[in-house]
Each structure stands twice: as structure tokens, then as C-alpha cells.
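Trainee: Before anything else, here's the structure in question.
The values are calculated or read from the model by the stated rules, or taken from the named source; none is laboratory data. Predicted model, so just to flag it, every value in this text is computed and none were measured. Here Cβ is always computed from backbone atoms with ideal geometry, including for glycine, and neighbour counts include all displayed protein chains.
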Amino acid sequence: MNDKHNQLDWMLAQAKKGRMTRREFVGRTTALGVSTALAGALFSKAAMAEEPKKGGTLKLGISGGGSTDTLDPALSASPAPYSILRTWGEALVDVSETGAVEMRIAEEVSSNADATEWKFKIRSGMEYHGGGTVTADDVIATLKRHTDEKAQSGALGIVQGISEMSAEGDMVTLKLASANADLPFLIADYHLVIQPGGGVDNPAAGNGTGPYKVVSNEAGVITTFEKHANYWDSSRGHADAVEILIINDATARSAALQAGQVHMIDRLDPKIVALLAGDTNIAVERAAGPGHYVFIMHCDKAPFDNNDLRMALKMSINRGELVEKILGGFGSPGNDFPINAAYPLFDDSIPQREYDAAAAAEFYKKSGHDGSPILLQVAPGAFPGAVDAANLFAASANAAGVPLQIKLEPDDGYWSDVWNVAPFCASYWGGRPVQDQMYTTAYLSTAEWNDTRFKNAKFDELLVAARGELDGAKRKGVYTEMANILRDEGGLICPMFNDWVEGRRAEVGGWVANPQGTMMNGFALSKCWLNA
Amino acid sequence: MHPVLKLVTQRLALGLLLLLAVSVVIFLGVEALPGDTAQAILGQSATPQALANLREQMGLNEPPLTRYFSWLGGILTGDLGTALTNGADIAQSIKQRLGNTLFLAGCAAVISVPLAIVLGLIAARYAGRWPDKLISGVTLTTISLPEFVAAYFVIFLLTQLIPIFQPVAMVLPGMGFWAKLNAVALPVIVLVMVVLAHMMRMTRAAILNVMQSAYIETAELKGLSPMTVIWRHAFPNAIAPVVSVVMLNLAYLVVGVVVVEVVFSYNALGQYLVDHVTKRDLPVVQAVGLIFAAVYIFLNMLADIIGILANPRLRHPK
């Protein structure tokens, strides 16, 4: 017993020093007979117990940036502008690593009984970098700007459902066109950072209430920040200054981390994780996020209008093999609906679909397909490893007698000419904070991005019903029913969910992986510190 | 008018005409790309409504001819407009990026051109013997490596094994000259590796060609040392072909190094261009394309003129 205690103490000490990842810690402590839940809690406590160090310059090397980027929150769409935005701006609320709503600019959120009217109480004394404090009117102006279609906001679909906004003192009231119990999760969307006057005059000014203010910004190269002196929350913003360097090349990014030119990087190539294991200066962090790689069929176009053929294809993909070979094991198999454990109210009792050549052959025979090649259009940029994944898919399908063939497309123009146009192609989704939003974005009959042309009246009805259902258990039941409909009738082949795989140097303290988004849901620079 | 002056004027006028033709080709090429700017910007998130709004806002509904001439008029008045994607002033962005491009190309040229010529002279002096074979072997090996492989190799060697340089080579305003030099060290090493062989081989070949001449034999019979013969008598007559290859490589260093820029996250013109091509940012693509074309035309013109001045027969036509 004593021996076990010693080991546990040792591991806690390692975790405090950031030398052990959560996964490693949980794996090793459960081997000692500690329950998984307790191990997770112990790890979080150990990671938090470390006293934040103040000062220094924390540097992040990130992918997905270009000289075409802007600081306008509405237009932010890839990892680099996302992390930049998260560092200078703040939204009404955040979603924490445990999936709970966390108060930021709003200090209180409440709704009426049927979730059609929501009240947000604005925290007082929240200072903008450029002077002045946040008012309820700023919040309304910000939300209004995102509803204006000319702003081309990525959050348009979220704010569209708000039918009426009003401000009274420090209280913002939002009335919804139809009930939505998830509104706080939607309002946490990263585009919706509050700007003075709603940012209408100059949306790209980079003036917000975040822990760091923008000092210089060269799009696609580097953004430098310094501490916002009057920031309200002492649990964020430990470094004196932070920098975000755009390093799009994966090899250069990991080299920069190893050389100590940056302290953390995103999108670590799974292939090199094993090679980094021996480097004591580097820790690899992973979080099972909602992002997934997909092959999508249009349910209204031949031959994919035949559900037996769709099932034949779903049965003839080897998910385990794809997770192993395409994701290097950093992911989990998908189950042909776009939801996994990263979502609240996920039902893990739905059976996992496996590769079954005999069942695939049977479905294929039943579909009465004429045996002509079934074309899958794919480009290298559809998702990392897309072409290899398609080849593996074709090989396992052909082995089952399904004549799947690959048509290689160029990356250039793929999102305009192939995706959402061709009847069968490869794509990816980054996921959404809640199930309702994911389904509403892509699987509702009327959704603009319904890229599988899935139209099912029963499914639509359930989706709307779930929104007004405030009883969690009942809601979960509805989502299970929807997942099963999509899994057995939809045009989505979802073979895998990809983990966030990120790297940090050992001297970075305070890292707590967050499945909601890459780089601790974008707040790595705000929440971490440098142990010199 | 002096014949040389006349020749230079002719070349200049021809160059400008060529530039105009290039501008048409660039415009047509961009037009032929699949998808348009609005679609490229919105990407996977394009809804028909957002697309229509964006097209209207960007003036993409105007006919191509109108867009071409309004752009050309802007160029002539020094106004390159603003980027469609993020509203940044194009002239301003290009100015800084072009400075970085020229800095990198300049550093690489200052090392590679003299080095290539000296190595070429040595190789010619010892043609067929071990110094020649060694120089040719090494430079042909470095040119045969794809740039990104050479870049990864250099990163591994000089930032991981012997950590003396930094893998990210960004050059930022406010950096001193030495800090900048330190930052670009790795890309410069890679570029020197890539361009060395071409110039070296041409120098060697041109000199060996001249060495066949009767007057070289005379010089040798005079009792001059082999190096003096090469430097004083052979090299001046080999300048024209060497200069044209040097210019070709200089042009490459300015316009063709986007792969090296990406690997080292170097903020220069090539990466800027590629970013905007993927987003179909027409005004930027055209402006940068035109600058690259101008660099090519100017350097080739320079090679021509130097070639003429180096050749007495062309310098003093009868």
C-alpha cells in the first residue's frame, strides 16, 4: 500500500511539473487501482496546484495563417486568426474543458421556462484596450453586426435565430424565434467577441477586452501582444507579452518548438510524435475534439439515392485501419453520425459500426447496382491524408465486391467545384459546441450546407423538438433517435474523429487540454505561463 | 545617337511592350482559374446569399474588360488598390515584402555569384583533374536536391544537431542589420546550394571553350602562369554567357523561391503571392505577377546589354 502511495505521489509530482500528459497519468494511476474519474480529477488538481509564474514572453507557433488574414472577428476562419482573436477579444461566455458554460463578459445568464427568452447580465468595469468600458449597447451592436449579411460573419447562422434584442442598464435580453436551450453555448462562438460600438466603424481594429492587447500585426507573419494592464481576471494573462508566429510548414513548426524559438505549436504531425518521445524538453498534448473527416454522398443523386448502396459503402470502410494509418492512432473511429463524446448528451451505447465485407456485399447485391464504377472524388487538401484514406477505403470496398474508384481532383477550386457539388467526395468538419448546432448546420433539410442532401421529415421534427426540451434525459433520448436515423439512412460516411495533437515545451505551465477547440480552445496563451 | 544608347532605348521600349503583353496574359490566366474570389474567400462556408453579397461588394459582377482597364489605369497612377480579401493597401504590403525578397536574394547573390565564378575558374584551370571533379560533384549534388529537402536537411543540421541558427527566418521591422542577417542565414545557405552549380558549370564551360583559341596558346607560349591566362585573357571573352546565366539565377532568386520562403516562414513576396492566389485575390495576384515579370525582363535586358558591352565587335559596329 505504501509503495502505491509513493508511486502516486511521484506521479503527482511529475504531473505538477508538466512532465506527464493527462492520458499517461490516468493510464498509470488506474493501473494502481485508482478509478478513471478520480485519476482525471487528481491530474487536473495537480496541474492547477502549480502556482502560475508571472512575466516573460510566451510564444505560439501556429498553422493556417496567410497574408490575406484580417483581425475582423466576423471573418476569422482558420487556426491562426482564431488564436489571435481569442487572445485580444472576449465573448459573453466560454465553454470550459468540462463542457460547462463559463462566465466572461456576462456575469449571469438566465432564461425563462421555455428557453425562448435569455437574459445576460454584463459585468461592470470591463475595460477595452482603447479605453472605455463594455456596455449592454456594445453587446447588442456586436450581435447586430454579425446578423448583417454584409458582414459575412461565420456566426451568422447562430445569431440569425435571435428575433429581438434589447438593453436595459447592464442587462441584455435576447428573444428567440423558437426555443433553444443551448443558446449560451452558441453565444460562446469565437466570432462573437464584444467590440466597442459593435466594431461597426472599424471591425478590424483589434480593440477588445481580452488579457492581451495587439501591439503589432503583420497578417500571415506575426502578431505581437502586451499585457492589458487593467484586465479583470487574475487567472488569465500570466506572461508580460505574447507572440503568435505563423509557421504553416509542419516540419518547420516542430523544428521551431524543438529549437525553443516558440513555446507551443498546433497540429503536431502524428508521424513524428514517437520521434519526440525522447526529447525531455517537449510534451505532446492531445484532446479528443469534435472534428471529423468524412466521405459524403448526396442522398438525392443516383446511385446514392439508394439506401442499400449507401449502407454497402458504410459497411465497406475499415474505420480502425484509417484511425491507425491516417491519424497515427490520434483519433477514434466514427459511427456515421457527426457526434462523439466531445458533445454534451452524447449516447455512447449506440453500437460501433465495423468493417463487414459480407454485409457490404449483401447490401450491394440488394441495391441492384449495375456494377459500374462508383466514383469518389478526392483532393489532397480535403483533409490531411485524404488521398491515402480514399485509397484504403477503395481497397477494402473492392475486397467486398463494391466497385469503388477514386477520382483525384486538384486542391485548387476543390471547395467551389467539388465539395457540395459532386455527389460523392471527401471533406471535413471542425465540429460545433453542441449537437443541435452541428445537426442544424448540415443535416436539417433546409440547411444551406446540407452537403449530403439529407432530407428526412422525422429527423427535422425531432431536431426542433429537442431545442425546447429542457429535461436533459429526454433530450438525450431524442438525440439518440436522431443519431440512429442518420447512421442508418444518412449520406454521411464518418470513418474517424481526429484528436487535436499539439506540442509544448516543458517550461510551459498551466496546460489543460480542452476538447472544445485547438490550443486549449484558443486560450493557451491566456491561461498558460512560463516556468523559467 | 550613340549606337549603344540607341540599343538600350530600343531594349527598354521592347521591355515595356512585353510587360503590357504579360499583364494581359496574367489577367486572362487568373480569369481561367476555377471558382472566383468570393467563392475562394468563403470556401467551405459559402452560402448562396453570402456569395451574392460578396460578389456585389467586390465588383466581381463587372465585365472582365472593364475590370482589366480600371486596374491598368490604377497601376499607371501608382495606385494598386486594396486587397479584396482583407482590405489592406497593396502597394504598402508589397513594398515591405519586396524589400524582404530583395534582401534575401541580395544576400544569396553576394555569396553565390563570386563563389560560383571562382569555383568555375578553378574547375577550368584543373579541368579533368581532382579539384574539378570535386567541385562539380559537390555542386551537382546540391543542385539535385529539391529545395525543401535541402531546407529540412539544413534545419536538422544547424538548429537541432548544432544549434547555432533559428529555423524560423522571419524578418521584422525594427530588427537591426546583423539580426536580419542572422535570421536569414539558413534560407541563404539553401539558396546558395541551389544556384551555385548552374553558374559554376557555365563559367567552367565558357572558359574551356575560349581556351581552345589560338591566342590562348600564344599567351601560354609567352610563359604566363595558367591562372593569369585564364583571368586576364580567357575570362573577359567568356563574360557574355556567364552574365546571362548569372542574371537568370538572380531572377530565380527574386521570383522563384516560394518553397524556401514557406519552409522558413520567411515573409517575402512569393508567399504573399501564393496566399492571394489561393484566395483568388485578383488585384494582388496581378500586381505581384507584374512585378515578377518586370524583374525577369529587366534582368534579361541587363544581361543583353552587358553582353554587348563586353563584346568589342558589338560595342564598335562598323
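Trainee: With the requirement that a residue be farther than 18 Å from residue A:375 by Cα and of a type in the set (Phe, Trp, Tyr), what does the stretch A:302-329 give you?
Mentor: None; the set is empty.
Trainee: I've got another one for you. Go through the stretch B:77-89 and count every residue that is more than 10 Å from chain A (Cβ to nearest Cβ), closer than 22 Å to residue B:24 by Cβ and either within 24 Å of the chain's Cα centre (by Cα) or surrounded by 13 or more Cβ atoms within 10 Å (Cβ to Cβ) (or both).
Mentor: Initial filter on the stretch B:77-89 (more than 10 Å from chain A (Cβ to nearest Cβ)): B:77-82, B:89.
Next, only the ones that are closer than 22 Å to residue B:24 by Cβ stay: B:77-81.
From what is left, the residues that are either within 24 Å of the chain's Cα centre (by Cα) or surrounded by 13 or more Cβ atoms within 10 Å (Cβ to Cβ) (or both) are B:78-81.
Final tally of qualifying residues: 4.
Conditions (1) modelled with pLDDT of 95 or more; (2) within 14 Å of chain B (Cβ to nearest Cβ), marked per residue:
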residue	(1), (2)
A:75	no, yes
A:78	no, yes
A:97	no, no
A:103	yes, no
A:116	no, no
A:141	yes, no
A:152	no, yes
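Trainee: If I ask for residues that are within 11 Å of chain A (Cβ to nearest Cβ) and part of a loop (DSSP other than H, G, I, E, B), which ones from the stretch B:134-176 would you list?
Mentor: B:163, B:164, B:165, B:166, B:167, B:168, B:169, B:170, B:171, B:172, B:173, B:174
Trainee: Another one. Do you know which residues across the stretch A:425-458 are crowded, with 22+ Cβ neighbours inside 10 Å, over 18 Å from residue A:341 (Cα atoms) and modelled with pLDDT of 90 or more?
Mentor: Scanning the stretch A:425-458 gives A:425, A:426, A:427, A:443, A:451, A:452, A:454.
Trainee: Looking at A:310, A:286, can you tell me which residue is more than 14 Å from chain B (Cβ to nearest Cβ), more than 30 Å from residue A:356 (Cα to Cα) and in contact with a helix residue (DSSP H, G or I) (Cβ under 9 Å, 6 or more places away or on another chain)?
Mentor: On the way: A:310 fails: more than 30 Å from residue A:356 (Cα to Cα).
The conditions single out A:286.
Trainee: Against the condition within 14 Å of another protein chain (Cβ to nearest Cβ), part of a helix (DSSP H, G or I) and in contact with a helix residue (DSSP H, G or I) (Cβ under 8 Å, 6 or more places away or on another chain), how does residue B:112 come out, does it pass? Steps first, please.
Mentor: Working: within 14 Å of another protein chain (Cβ to nearest Cβ): no; part of a helix (DSSP H, G or I): yes; in contact with a helix residue (DSSP H, G or I) (Cβ under 8 Å, 6 or more places away or on another chain): yes.
In short, no.
Trainee: Is there a residue in the stretch B:123-130 that is surrounded by fewer than 18 Cβ atoms within 10 Å (Cβ to Cβ) and at positive phi? Spell out the reasoning first.
Mentor: To start, the set of residues in the stretch B:123-130 that are surrounded by fewer than 18 Cβ atoms within 10 Å (Cβ to Cβ) comprises B:126-130.
Now drop any that are not at positive phi, which leaves B:128.
Looking through the stretch B:123-130, at least one residue is surrounded by fewer than 18 Cβ atoms within 10 Å (Cβ to Cβ) and at positive phi.
Trainee: If you don't mind, there's one more thing I want to ask. All but one of (1) among the small types (Gly, Ala, Ser); (2) out of contact with any Gly (no Cβ under 7 Å at 6 or more places or on another chain); (3) more than 10 Å from chain B (Cβ to nearest Cβ) hold for residue A:239; state the number of the condition that does not hold.
Mentor: (2)
Trainee: Since residue A:501 meets every condition but one in (1) surrounded by fewer than 24 Cβ atoms within 10 Å (Cβ to Cβ); (2) closer than 26 Å to residue A:91 by Cα; (3) at pLDDT 95 or above, which condition does it not meet?
Mentor: In the conditions (1) surrounded by fewer than 24 Cβ atoms within 10 Å (Cβ to Cβ); (2) closer than 26 Å to residue A:91 by Cα; (3) at pLDDT 95 or above, residue A:501 misses (3) alone.
Trainee: Here's another thing I want to ask about it. Is there any pair with a first residue in the stretch B:187-201 that is part of a helix (DSSP H, G or I) and a second that is among the acidic types (Asp, Glu) whose Cβ atoms are under 6 Å apart and which are 6 or more apart or on different chains, and what are they?
Mentor: The qualifying pairs are B:194/B:147.
Trainee: Please verify whether residue B:23 is assigned to a helix (DSSP H, G or I), modelled with pLDDT of 80 or more and surrounded by 12 or more Cβ atoms within 10 Å (Cβ to Cβ), treating the condition exactly as stated. Show your work before the answer.
Mentor: Working: assigned to a helix (DSSP H, G or I): yes; modelled with pLDDT of 80 or more: yes; surrounded by 12 or more Cβ atoms within 10 Å (Cβ to Cβ): yes.
Yes: the conditions hold for residue B:23.
Trainee: Could you say whether any residue in the stretch A:279-287 is closer than 19 Å to residue A:364 by Cβ and surrounded by fewer than 19 Cβ atoms within 10 Å (Cβ to Cβ)? Spell out the reasoning first.
Mentor: Taking the stretch A:279-287 first, the residues closer than 19 Å to residue A:364 by Cβ are none.
No, the conditions are met nowhere in the stretch A:279-287.
Trainee: Go through B:44, B:49, B:92, B:57 for me and flag whichever is part of a helix (DSSP H, G or I), within 14 Å of chain A (Cβ to nearest Cβ), at pLDDT 80 or above and surrounded by fewer than 18 Cβ atoms within 10 Å (Cβ to Cβ).
Mentor: Values: B:44 fails: at pLDDT 80 or above; B:49 fails: at pLDDT 80 or above; B:57 fails: at pLDDT 80 or above.
Result of the check over B:44, B:49, B:92, B:57: B:92.
Trainee: May I ask you to list the residues in the stretch A:167-179 that are surrounded by 12 or more Cβ atoms within 10 Å (Cβ to Cβ), in contact with a helix residue (DSSP H, G or I) (Cβ under 8 Å, 6 or more places away or on another chain) and either β-branched (Val, Ile, Thr) or part of a strand (DSSP E or B) (or both)?
Mentor: Across the stretch A:167-179, the qualifying residues are A:167, A:171, A:172, A:174, A:176.
Trainee: So residue A:267 clears everything in (1) within 14 Å of another protein chain (Cβ to nearest Cβ); (2) charged (D, E, K, R); (3) assigned to a loop (DSSP other than H, G, I, E, B); (4) touching a residue at least 40 places away in the same chain (Cβ under 8 Å) except one condition, right? Which one?
Mentor: Among (1) within 14 Å of another protein chain (Cβ to nearest Cβ); (2) charged (D, E, K, R); (3) assigned to a loop (DSSP other than H, G, I, E, B); (4) touching a residue at least 40 places away in the same chain (Cβ under 8 Å), the lone unmet condition for residue A:267 is (1).
Trainee: How many residues, within the stretch A:227-239, are buried (at least 21 other Cβ atoms within 10 Å of the Cβ) and outside any loop (DSSP other than H, G, I, E, B)?
Mentor: Selection size over the stretch A:227-239: 0.
Trainee: Being within 14 Å of chain B (Cβ to nearest Cβ), crowded, with 22+ Cβ neighbours inside 10 Å and among the hydrophobic types (A, V, I, L, M, F, W, C): is that true of residue A:294 here? Full working, then the answer.
Mentor: Details: within 14 Å of chain B (Cβ to nearest Cβ): yes; crowded, with 22+ Cβ neighbours inside 10 Å: yes; among the hydrophobic types (A, V, I, L, M, F, W, C): yes.
Here the answer is yes, as residue A:294 does meet what is asked.
Trainee: What's the number of the condition residue A:496 fails, among (1) closer than 20 Å to residue A:291 by Cβ; (2) assigned to a helix (DSSP H, G or I); (3) at pLDDT 95 or above?
Mentor: If we test residue A:496 against (1) closer than 20 Å to residue A:291 by Cβ; (2) assigned to a helix (DSSP H, G or I); (3) at pLDDT 95 or above, just (2) comes out false.
Trainee: Right, next: Anything in the stretch B:292-318 that is touching a residue at least 40 places away in the same chain (Cβ under 8 Å), crowded, with 19+ Cβ neighbours inside 10 Å and within 20 Å of residue B:99 (Cβ to Cβ)? List them, or say none.
Mentor: The answer is B:293, B:295, B:296, B:299.
Trainee: Being over 23 Å from the mean Cα position of the chain (by Cα), within 14 Å of chain B (Cβ to nearest Cβ) and at positive phi, is that true of even one residue in the stretch A:250-260?
Mentor: Taking every residue of the stretch A:250-260 in turn, at least one turns out to be over 23 Å from the mean Cα position of the chain (by Cα), within 14 Å of chain B (Cβ to nearest Cβ) and at positive phi.
Trainee: Then there is this: Among the residues of the stretch A:369-416 satisfying the criterion of being within 14 Å of chain B (Cβ to nearest Cβ) and over 24 Å from the mean Cα position of the chain (by Cα), which is surrounded by the fewest Cβ atoms within 10 Å (Cβ to Cβ)? Before the answer, list the steps.
Mentor: Initially, the stretch A:369-416 is screened for residues within 14 Å of chain B (Cβ to nearest Cβ), giving A:377, A:379-383, A:386, A:409-416.
Checking the rest, the ones that are also over 24 Å from the mean Cα position of the chain (by Cα) come to A:377, A:409-410, A:412-413.
Working: A:377: 21, A:409: 21, A:410: 12, A:412: 17, A:413: 19.
Looking at residues that are within 14 Å of chain B (Cβ to nearest Cβ) and over 24 Å from the mean Cα position of the chain (by Cα), I get A:410.
Trainee: Within the group B:272, B:266, which residue is within 14 Å of chain A (Cβ to nearest Cβ) and in a loop (DSSP other than H, G, I, E, B)?
Mentor: Numbers: B:272 fails: in a loop (DSSP other than H, G, I, E, B).
None of the others qualify; the one that does is B:266.
Trainee: Out of everything in the stretch A:105-128 that is in contact (Cβ under 8 Å) with a residue 60 or more places away in the chain and of a type outside the set (A, V, I, L, M, F, W, C), what residue ends up being surrounded by the fewest Cβ atoms within 10 Å (Cβ to Cβ)?
Mentor: A:125
Trainee: Separate question: Does residue A:223 count as in a helix (DSSP H, G or I) and at negative phi?
Mentor: Details: in a helix (DSSP H, G or I): no; at negative phi: yes.
Criteria not met by residue A:223.
Trainee: For residue A:242, are the conditions met, namely being out of contact with any Phe, Trp or Tyr (no Cβ under 6 Å at 6 or more places or on another chain), within 30 Å of residue B:169 (Cβ to Cβ) and buried (at least 17 other Cβ atoms within 10 Å of the Cβ)?
Mentor: no
Trainee: I'm trying to understand the selection: among the residues of the stretch A:151-165, which are in contact with a helix residue (DSSP H, G or I) (Cβ under 6 Å, 6 or more places away or on another chain) and surrounded by fewer than 19 Cβ atoms within 10 Å (Cβ to Cβ)?
Mentor: We begin by selecting, within the stretch A:151-165, every residue in contact with a helix residue (DSSP H, G or I) (Cβ under 6 Å, 6 or more places away or on another chain); these are A:151-153, A:155, A:158-159, A:165.
Matches in the stretch A:151-165: A:165 only.
Trainee: So is residue B:131 within 11 Å of chain A (Cβ to nearest Cβ) and either in a helix (DSSP H, G or I) or not basic (Lys, Arg) (or both) or not? First the steps, then the outcome.
Mentor: On the way: within 11 Å of chain A (Cβ to nearest Cβ): no; either in a helix (DSSP H, G or I) or not basic (Lys, Arg) (or both): yes.
The answer is no for residue B:131.
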